[in-house]
RNA sequence: GGCGACGUAGCCAAGUGGUAAGGCAGGGGUCUGCAAAACCCCUAUGCCCCGGUUCGAAUCCGGGCGUCGCCUCCA
């Protein structure tokens, strides 16, 4: 099992700290606004990673935080005239709902900054005691970057090389321009928490150092997040945790590439962000999920509606096959024909592709090749065996990748169903009487209602493709 | 200015030394009253360009060109 580590910039064999266990910390969202498509990528990726480890027999501990207090949340809540709690709560729920639709398994813990202020303060105090941080007369606390020997090694940059840009916080009583805040004092009207340095709130990076170690211990296996978090967030987190614990927090840093739109990074400020909620109203969640997995996680994914729709057309074939085979029995015969052998060993190949740095794109290709083998078996006169394997293999793929739509919970009004059924049987009668003009008129009527008729050997079937 | 990523068929995309996966679109076919769906077959002598290393390179090295990301909040 090989995983690319951003710190050493190479694929390395995965060696868990505790044999048979894998501990994962993923940086979650700051719920100050609606979730956009970019948030879905790491969520789906880590969901697959988790499912993969579980299938490989690991016990998984997964923590993903909510940064439910920060400058943006405060600003946005004031703008809307609501409390920061209400604002954060609303967007956390939206996020969670979207994740459920995408079939993302919830983390074992989803800690919030506001529930960890005391441990954060203790952590900061200890850093001050160790001489790694200092408080200022204004009630802020900063981390001393020059007391952190390896600072910059994760992001591959040196403090001196950085562009001398305009620093937003100008009233600095920092010792060094690169020092960053562990604790920020709150002004009168702002939300804040008591602390040894006065009322204030945690800086941006400290919460992850504290919560990761609180829930997973000083060192854990995998640390995830978007590639845009490498600097400053993870660089600073690494420095803090190392200063406190004396060890690097994560054994392996896993960063996903960003989603772009028109080749530009998706972001609210540029106005090219796509609302996850709106997108999920328009497209099938499983089409979106598998589309996100169709590109290797470290590459940028340039989103386009057309590419998503093209992709979902392909997945529809897989879903159709599953519909056809979901109730068939398990194979009873063992055959030495190549297609049968490949169907038997499908899951091994699937897991083997994921062994190599979670190559989900190739894993999806394996599914299509498996589907072709099913048809070969069918053509060879072994339909029952082929379909049996199709059912098993699609479920196995689903277990790890999550590819099948959830069972529909739509309950059309009975009257609606009856009308459709009546029209269909009317058309069948017309067809038997060779009255094709009438039959085709009925087809047009149904088409206008959004239904496509598929005449299968076992009779006509209505298909609605509007959700693709 | 510093650091980094990427450039594979009409489109999306895998592939890090051994002779180009997969999907969509397109073409041909089977089935069908016609369609739709499904299935089968075909579709890159070539992987941004130019050099180099090698028996052999999309894959390694050097130099270009182009696109993007981070250096400020960001998944």
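Structure notes:
- Evaluated against (1) surrounded by fewer than 15 Cβ atoms within 10 Å (Cβ to Cβ); (2) touching a residue at least 12 places away in the same chain (Cβ under 8 Å); (3) within 16 Å of RNA strand B (Cβ to nearest atom), residue A:181 falls short on exactly one condition, (1).
- Restricting attention to the stretch A:54-76, the residues being assigned to a helix (DSSP H, G or I), buried (at least 19 other Cβ atoms within 10 Å of the Cβ) and free of Cβ contacts under 8 Å to residues at least 60 places away in the same chain number 1.
- Across the stretch A:137-153, the qualifying residues are those that are in contact with a strand residue (DSSP E or B) (Cβ under 7 Å, 6 or more places away or on another chain) and part of a loop (DSSP other than H, G, I, E, B), and the one among them that is farthest from residue A:182 (Cα to Cα) is A:138.
- Which numbered condition residue A:306 fails, given (1) within 25 Å of residue A:265 (Cα to Cα); (2) away from RNA strand B (no atom under 11 Å from the Cβ); (3) modelled with pLDDT under 95: (2)
- Residue A:263 closer than 23 Å to residue A:359 by Cα and free of Cβ contacts under 8 Å to residues at least 40 places away in the same chain: yes
- Lone unmet requirement of (1) touching a residue at least 24 places away in the same chain (Cβ under 8 Å); (2) near RNA strand B (Cβ under 9 Å from one of its atoms); (3) out of contact with any strand residue (DSSP E or B) (no Cβ under 7 Å at 6 or more places or on another chain) for residue A:392: (2)
- Residue A:437 being part of a helix (DSSP H, G or I), loosely packed, with under 11 Cβ neighbours inside 10 Å and either within 12 Å of RNA strand B (Cβ to nearest atom) or within 46 Å of the chain's Cα centre (by Cα) (or both): yes
- Any chance residue A:213 is crowded, with 22+ Cβ neighbours inside 10 Å, more than 13 Å from RNA strand B (Cβ to nearest atom) and either more than 30 Å from residue A:301 (Cβ to Cβ) or modelled with pLDDT of 95 or more (or both): no
The values are calculated or read from the model by the stated rules, or taken from the named source; none is laboratory data. Since we're looking at a predicted model, the values are computed, not measured. FYI the Cβ positions are ideal-geometry reconstructions off the backbone, even for glycines, and counts take in every protein chain you see.
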